[in-house]
Amino acid sequence: MAPMKVYGWAVSPWMARALVCLEEAGVEYEIVPMSRCGGDHRRPEHLARNPFGEIPVLEDGDLTLYQSRAIARYVLRKYKPELVKEGDLEGSAMVDVWMEVEAHNIEATLWPIIRHCIIGQYVGRDRDQAVIDENLEKLRRLLPVYEARLSVCKYLAGDDITAADLCHFGFMRYFMATEYAGVVDAFPHVKAWWDALLARPSVQKVMAGMPPDFGYASGNIP
Amino acid sequence: MSTNVARVLVCLEEVGAEYEVVPVDMTTGEHKSPAHDARNPFGQVPVFQDGDLILYESRAISKYILRKGGSDLLRESNLAESAMVDVWLKVESGHFSSTMSPIIFQCLVVPFLGGETDTKIVQENLEKLKTALGVYEARLSRFKYLAGDFVSLADISHFPAAYYLLGGSHTSVLDAYPHVKAWLAEVMDRPSVKKVVELMKLPSA
């Protein structure tokens, strides 16, 4: 069986979502590195894989998938179905709920902060504190909901880790490298949950490919 | 009616479940009330209750309903097919409904609230929509439906935003995408969709 291939740049939080699930699945996979600054994602050979011109893309034999959460679900369903609570009607619903919550709230709130606090300085973009503050405000309203949830169970969908938790990793990784990590630290159950994620070998392995500055300072521009 | 509520109702209709709609009046801020907060701490609709189970997020609710009702619209007995359903569900959320949402808000909600449509926002999102529709057109020229040659939740999940697109002043956008137009017509022709459209037309919706 040929190893799965994942196309993209490893520093991408979207790529990280797919990679952490591949690590959890324990399957053999190969990263096919692409260059964002070189515009690889807009070239015809990539558009043939993903007509929306985005990464990551997963190839598993004849199957080509995109959308990082769809990739995450596929890999885990195939190799670690307990991580999507397959066969458990209510459990799988909770996994879906928290994956949707993450999709609609976390990425939208953390990514602008990450762009302005970390990336901006390397790409000649002035830091817009108003954008940062607006999203911090949204985050401060979100975190109590997470805190309440994680006070009643260890992980988002119950007492076991699932895809819902893993899907948060990429964006959290970079947000917690900004000067605003304290906003999360102020919520003890959220902090404990994040620390538990960080302790996982899968997360550590993927994080090793994600320098906190996306590689800009060392000249490894994504 | 909220597009997210409509999505859930269509799935209930697809599986023939018995259900009751409990109105939450967002114009009076009922969605921010303590009673609603206890149901959904994010203060949104829909909230779904099945016995002791309370769920929110319309696509999560939809999947639960379809699984419980034994529907094949998720194709979960086939790994590759269910993965394609997930891909196009994410595309629906990230590329279609996300561009339709500000258009619907500006063209329908803002005037209803007595404001003026921001045509710049509408135009920007129409351009994004056209870019996405180009990809849909290519896909639907190869396959009957989005996830493959089988209908799935990925197709039906487009219906709420599509309803407003088809009923609004920008329908002509679809003329350049004949396969998309035909596919949407087929989705809108499903009995479950027609039933929910009737509910969406009610003044209380």
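Based on this model, can you work out whether A:Thr109 counts as within 17 Å of the chain's Cα centre (by Cα), at pLDDT 95 or above, more than 11 Å from chain B (Cβ to nearest Cβ) and surrounded by fewer than 23 Cβ atoms within 10 Å (Cβ to Cβ)?
Details: within 17 Å of the chain's Cα centre (by Cα): yes; at pLDDT 95 or above: yes; more than 11 Å from chain B (Cβ to nearest Cβ): yes; surrounded by fewer than 23 Cβ atoms within 10 Å (Cβ to Cβ): yes.
Here the answer is yes, as A:Thr109 does meet what is asked.
Check region B:23-32 and report whether any residue there is modelled with pLDDT under 95 and touching a helix residue (DSSP H, G or I) at 6+ places or on another chain (Cβ under 7 Å).
yes
Just for strands (runs of 3 or more DSSP E) wholly inside region A:6-113: which have at least 1 residues that are aromatic (Phe, Trp, Tyr)?
A:29-33, A:63-66
Tell me, please, whether a residue that is among the β-branched types (Val, Ile, Thr) and at the interface with chain B (Cβ under 8 Å from one of its Cβ atoms) can be found in region A:84-94.
Here is the first cut: in region A:84-94, the residues among the β-branched types (Val, Ile, Thr) are A:84.
Restricting the remaining residues to those that are at the interface with chain B (Cβ under 8 Å from one of its Cβ atoms) gives none.
Among the residues of region A:84-94, not one is among the β-branched types (Val, Ile, Thr) and at the interface with chain B (Cβ under 8 Å from one of its Cβ atoms), which makes the answer no.
Report whether or not B:Ala138 is within 14 Å of chain A (Cβ to nearest Cβ), in a helix (DSSP H, G or I) and within 19 Å of B:Ser192 (Cβ to Cβ).
Against the criterion (within 14 Å of chain A (Cβ to nearest Cβ), in a helix (DSSP H, G or I) and within 19 Å of B:Ser192 (Cβ to Cβ)), B:Ala138 does not qualify.
Would you point out the residue of region A:115-137, among those that are in a helix (DSSP H, G or I) and open to solvent by 80 Å² or more (accessible area, probe 1.4 Å), that is nearest to the other protein chains (Cβ to nearest Cβ)?
Result: A:Glu137.
Of the residues A:Tyr122, A:Tyr146, which is hydroxyl-bearing (Ser, Thr, Tyr), modelled with pLDDT under 95 and either assigned by the TED database to the domain that holds A:Tyr174 or over 28 Å from A:Arg36 (Cα atoms) (or both)?
None of the others qualify; the one that does is A:Tyr122.
Suppose the filter is surrounded by 18 or more Cβ atoms within 10 Å (Cβ to Cβ) and within 12 Å of chain A (Cβ to nearest Cβ); does B:Val45 pass it?
Judged against the criteria, B:Val45 is not a match.
Please go through (1) outside the structural domain of B:Ala182 (by the TED database); (2) over 30 Å from B:Gly168 (Cα atoms); (3) at pLDDT 95 or above for B:Arg59 and return the number of the only condition it doesn't satisfy.
Result: B:Arg59 fails condition (2) only.
In region A:7-39, what residues are open to solvent by 40 Å² or more (accessible area, probe 1.4 Å), among the acidic types (Asp, Glu) and under 15 Å from A:Arg77 (Cα atoms)?
A:Glu23
Look through region B:53-63, keep the residues that are within 9 Å of another protein chain (Cβ to nearest Cβ) and open to solvent by 10 Å² or more (accessible area, probe 1.4 Å), and return whichever of them is nearest to A:Glu86 (Cα to Cα).
Among them, the one singled out is B:Lys63.
Those residues that are within 19 Å of the chain's Cα centre (by Cα) and crowded, with 16+ Cβ neighbours inside 10 Å, I need them from region B:20-41; list them, please.
Scanning region B:20-41 gives a single hit, B:Val24.
List the residue pairs whose Cβ atoms are under 6 Å apart, where the first residue sits in region B:75-102 and is more than 11 Å from chain A (Cβ to nearest Cβ), the second is open to solvent by 40 Å² or more (accessible area, probe 1.4 Å), and the two are 6 or more positions apart or on different chains.
B:Arg75/B:Glu81; B:Thr99/B:Lys128; B:Pro102/B:Ile121
Scan region A:155-185 for residues that are open to solvent by 50 Å² or more (accessible area, probe 1.4 Å) and without any contact (Cβ under 8 Å) to a residue 24 or more places away in the chain and report the count.
Total satisfying the criteria: 2.
Could you please find all residues in region A:86-104 being surrounded by fewer than 22 Cβ atoms within 10 Å (Cβ to Cβ) and over 15 Å from the mean Cα position of the chain (by Cα)?
A:Glu86, A:Gly87, A:Asp88, A:Leu89, A:Glu90, A:Gly91, listed by residue number.
Exactly one of these conditions fails for B:Tyr164: (1) at pLDDT below 95; (2) part of a helix (DSSP H, G or I); (3) farther than 19 Å from B:Val91 by Cβ. Give me its number.
Result: B:Tyr164 fails condition (3) only.
Could you tell me which numbered condition B:Ser152 fails, if it satisfies all but one of (1) over 29 Å from A:Pro56 (Cα atoms); (2) touching a residue at least 40 places away in the same chain (Cβ under 8 Å); (3) crowded, with 16+ Cβ neighbours inside 10 Å?
(1)
The values are calculated or read from the model by the stated rules, or taken from the named source; none is laboratory data. All values reported here derive from a predicted model rather than from experimental measurement. Here Cβ is always computed from backbone atoms with ideal geometry, including for glycine, and neighbour counts include all displayed protein chains. Side chains are part of the model used for accessible areas, which takes the heavy atoms of the whole protein and leaves out ligands, DNA and RNA. Shrake-Rupley method; radii C 1.70, N 1.55, O 1.52, S 1.80 Å.
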